[in-house]
1. Looking at Ala69, is it out of contact with any His (no Cβ under 9 Å at 6 or more places or on another chain), surrounded by 13 or more Cβ atoms within 10 Å (Cβ to Cβ), farther than 13 Å from Leu108 by Cβ and modelled with pLDDT under 90?
2. Which condition does Phe92 not pass, out of (1) buried (at least 16 other Cβ atoms within 10 Å of the Cβ); (2) within 14 Å of the chain's Cα centre (by Cα); (3) not in a loop (DSSP other than H, G, I, E, B), if it passes all the others?
3. Does at least one position in the stretch 73-88 carry a residue that is closer than 26 Å to Tyr6 by Cβ, open to solvent by less than 60 Å² (accessible area, probe 1.4 Å) and in a loop (DSSP other than H, G, I, E, B)?
4. Against the condition of a type outside the set (Val, Ile, Thr) and part of a helix (DSSP H, G or I), how does Leu97 come out, does it pass?
5. Just a yes or no: is a residue in the stretch 3-17 touching a helix residue (DSSP H, G or I) at 6+ places or on another chain (Cβ under 9 Å) and under 25 Å from Gln127 (Cα atoms)?
6. Looking only at the stretch 108-129, filter to residues that are of a type outside the set (Asp, Glu) and more than 19 Å from Thr40 (Cα to Cα); which one of those is surrounded by the most Cβ atoms within 10 Å (Cβ to Cβ)?
7. If I filter the stretch 8-36 down to residues being assigned to a helix (DSSP H, G or I) and small (Gly, Ala, Ser), which single residue comes out as modelled with the highest pLDDT?
Amino acid sequence: MSGTGYQTLLDCRRRSRYLRQHGFTIDQIAIILNLDHPATPLRLYRHAAGLTAAQTVATYHRLADTTGAGLRESRLYDYESWPEAGRRPSVFTLRLLARVYGTRPIHLLTSAVLATYSVRDQHALRQDG
């Protein structure tokens, strides 16, 4: 991601707010942000939503409250770095993060990363939304 992490987030928040005011969807905003900030879709969606890692984790925990699932900021960064580094997120995690960001789980992955999931998981990721 270009620039410092927090400065990039601030820029993305500003642009995202402007684009939402003009009727753009979160999916369209993530595509636009990718033009200036090449990153994984998972990170782009967080930035398109204007959320810090801490805000994302807090929202994730509110949504996952009934399941007892947990997520740490460091693990979120691992997921956002996959596949160059880090760790691959589970289907469950992608479903919850998609709810946090207001998109479908399939949008949080590139086609190459989607191919690393089982056929059953790929189908589940495509069906959510």
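The values are calculated or read from the model by the stated rules, or taken from the named source; none is laboratory data. None of these values were measured; they are calculated from a predicted model. We place every Cβ from the backbone using ideal geometry, glycine too, and count neighbours over all the protein chains shown. Keep in mind that these areas ignore ligands, DNA and RNA; they rest on the heavy atoms of the full protein, side chains included. Shrake-Rupley method; radii C 1.70, N 1.55, O 1.52, S 1.80 Å.
1. Numbers: out of contact with any His (no Cβ under 9 Å at 6 or more places or on another chain): no; surrounded by 13 or more Cβ atoms within 10 Å (Cβ to Cβ): yes; farther than 13 Å from Leu108 by Cβ: yes; modelled with pLDDT under 90: yes.
Judged against the criteria, Ala69 is not a match.
2. The number of the failed condition is (1).
3. Within the stretch 73-88, one or more residues are closer than 26 Å to Tyr6 by Cβ, open to solvent by less than 60 Å² (accessible area, probe 1.4 Å) and in a loop (DSSP other than H, G, I, E, B).
4. The answer is yes for Leu97.
5. Scanning the stretch 3-17, I find no residue that is touching a helix residue (DSSP H, G or I) at 6+ places or on another chain (Cβ under 9 Å) and under 25 Å from Gln127 (Cα atoms), so the answer is no.
6. Ala124
7. Among those residues, the one meeting the criterion is Ala30.
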